[in-house]
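Engineer: Starting off with a structure, shown below.
The values are calculated or read from the model by the stated rules, or taken from the named source; none is laboratory data. Worth saying up front: this structure is predicted, and the values here are computed from it rather than measured. Cβ atoms come from the backbone with ideal geometry, glycine included; neighbour counts cover every protein chain shown. The accessibility values were calculated without ligands, DNA or RNA, using every heavy atom of the protein model including side chains. Shrake-Rupley method; radii C 1.70, N 1.55, O 1.52, S 1.80 Å.
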Amino acid sequence: MEIGFIGLGIMGSRMAANLQKAGHQLLVYNRTPDKAAALVAQGAELLSSPQNLAQKSNLVFTMLSTPEAVKEVAFGHQGFVQSLPANSLWVNCSTVNPSFAIKMAQYTKDRGHRYLDAPVSGSLMPAEKGELIFLIGGEESDLRQVQELLDIMGKAVIHVGENGQGSSMKMVNNMLLAHAMTAFAEALRLGTSLGISEEMLGQTLLSGPAAAPFLKSKQTKILNRDYAPEFPLEWLHKDLHLAAITAYEQNVALPGLQTTKELYAQAKEKGLGPEDMSAIYQFLQSGKV
Ligand SMILES: NC(=O)c1ccc[n+]([C@@H]2O[C@H](COP(=O)([O-])OP(=O)(O)OC[C@H]3O[C@@H](n4cnc5c(N)ncnc54)[C@H](OP(=O)(O)O)[C@@H]3O)[C@@H](O)[C@H]2O)c1
């Protein structure tokens, strides 16, 4: 049977394209069908609903924005899970919170299927180059079934543990990502206020031990004032919101998380949600915090 791929945004379109380039025949669905055009031109079949896709596939990848979108596409009106052939495998690459992933896994098992959480670390360029890092939660045997496909889309596959654990690792990762981005933006803000150029600050900070490696590419975007989305700011805010829910569920206090989350909420209110996460610097620069 062919591979189903649902969600052809920034990440999903590139992940699916890599599967296709490796010779796999794809069935695809996207809420906005136009985004499937490039894949269809290369031979993918575009289905008119998630349900129609499920009737022809027993292996479905999803790369959707939020838990709400995932739930709607999987279990809503025209959702795909109800129409899958028996014992199908759903590989959910979307970033969702651990308790939601566990719920999705349970609902899926209740209907006689299997579920892997498989969120990814890495953004637009790693997705394009097939260099993502997959963080897996689920059964070893289910992972074995898709390992070859994950190896096409990624450079590493980490089996963190059971269902929910892949999403847990992703949550922790993105909390760190947001803090690092914010810390760098604030360092630039203070440094420039003291008369040091953005170039000098970037060069110095990024060649030292204190800055996270991913900030090199964000520095380029900041210098070029190019906030075209690689990782949309609104999805980073979503991840911080999900981390906050998770901290509540775990009875863990994370005061820094709350502050960072609200900073991204303010930037979103000012219309920066669809821009790249690095636009948090633009927001700080505006002095409207
Ligand atoms: N971009 C990154 O750097 C990055 C890195 C790692 C992980 N992630 C995670 O990967 C996921 C996808 O991110 P992305 O950057 O590819 O986002 P994106 O470009 O905004 O794509 C989101 C996808 O979800 C679909 N969608 C949203 N709401 C829907 C709904 N109610 N029903 C059906 N489809 C819906 C969109 O359909 P339409 O095209 O119709 O809007 C689109 O296919 C998110 O969970 C994000 O947090 C992103």
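Engineer: Quick check on segment 1-157: take the gyration tensor over C-alpha atoms, sort the square-rooted eigenvalues as a ≥ b ≥ c, and tell me if it's rounded (a/c under 1.5), prolate or oblate.
Structural biologist: Rounded, because the longest to shortest axis ratio a/c is under 1.5.
Engineer: Please figure out what share of the DSSP beta bridges in the chain is antiparallel and state it in percent, rounded to the nearest 5. Can you show the working numbers first?
Structural biologist: Numbers: 4 of 28 bridges.
Roughly 15 percent of the beta bridges in the chain run antiparallel, per DSSP.
Engineer: Restricting to DSSP loop positions (anything but H, G, I, E, B) with no more than 10 other Cβ atoms inside 10 Å of their own Cβ, which chymotrypsin sites (Phe, Trp or Tyr not before Pro) remain in segment 193-289?
Structural biologist: none
Engineer: How charged is the neighbourhood of Leu64? Take every other residue with its Cβ under 10 Å from the Cβ of Leu64, and add Lys/Arg as +1 and Asp/Glu as -1.
Structural biologist: On the way: positive: Arg31, Lys71; negative: Glu68, Glu72.
Within the 10 Å Cβ shell, the charges total 0.
Engineer: I'd like the orientation of helix 165-193 relative to the chain: the angle between its Cα long axis and the longest Cα principal axis, in ° from 0 to 90, rounded to 10.
Structural biologist: 20
Engineer: Carbon and sulfur together cover what percent of the accessible area of segment 84-181 at a 1.4 Å probe radius?
Structural biologist: Working: 2030 of 3880 Å².
The value for segment 84-181 is 52 percent carbon and sulfur by accessible area.
Engineer: Evaluate E = 1/(1 + (r/R0)^6) for Ala265 and Glu131, where r is the Cβ-Cβ distance and R0 equals 35 Å; express this FRET efficiency to the nearest 0.05. It would help to have the intermediate numbers written out before the result.
Structural biologist: Details: r = 31 Å, r/R0 = 0.88.
Given R0 = 35 Å and the Cβ-Cβ separation, E is 0.70.
Engineer: Can you give the longest run of the chain that contains no trypsin sites (Lys or Arg not before Pro) sitting in a DSSP loop with at most 11 other Cβ atoms inside 10 Å? Mind showing how you got there, number by number?
Structural biologist: Working: sites that count: Arg225, Lys288.
My reading of the result: 1-224 is the longest stretch.
Engineer: Let me ask something else about it. Treat every Asp and Glu Cβ in segment 164-232 as -1 and every Lys and Arg Cβ as +1, leave all other atoms uncharged, and give the resulting dipole magnitude about the Cα centre to the nearest 20 debye. Write down the numbers at each step before the final one.
Structural biologist: On the way: 6 positive and 5 negative charges, 27 e Å.
Magnitude of the dipole: close to 140 debye.
Engineer: Then there is this: Return the whole-Å distance between the Cα centroid of segment 164-216 and the Cα centroid of segment 103-125.
Structural biologist: Their Cα centres are 30 Å away from one another.
Engineer: A follow-up question, please. Any idea what the dipole of segment 43-139 comes to, in debye rounded to 20, about its Cα centre with Lys/Arg Cβ at +1 and Asp/Glu Cβ at -1? Walk me through the numbers on the way to the answer.
Structural biologist: Values: 7 positive and 8 negative charges, 48 e Å.
Roughly 240 debye, rounded to the nearest 20.
Engineer: Sticking with this one: What nm distance separates the two modelled labels at Ala38 and Tyr107, each placed 7 Å from Cα along Cα→Cβ?
Structural biologist: Modelled inter-label distance: 3.1 nm.
Engineer: Here's another thing I want to ask about it. What pairs from Lys21/Lys56; Lys129/Lys218; Lys218/Lys288; Lys170/Lys261; Lys155/Lys268; Lys129/Lys268 go past 26 Å between their alpha carbons?
Structural biologist: The answer is Lys155/Lys268; Lys129/Lys268.
Engineer: Please work out how much length the chain gains when fully extended from Ser286 to His77, using 0.36 nm per residue of separation minus the C-alpha to C-alpha distance, in nm with one decimal.
Structural biologist: 70.9 nm
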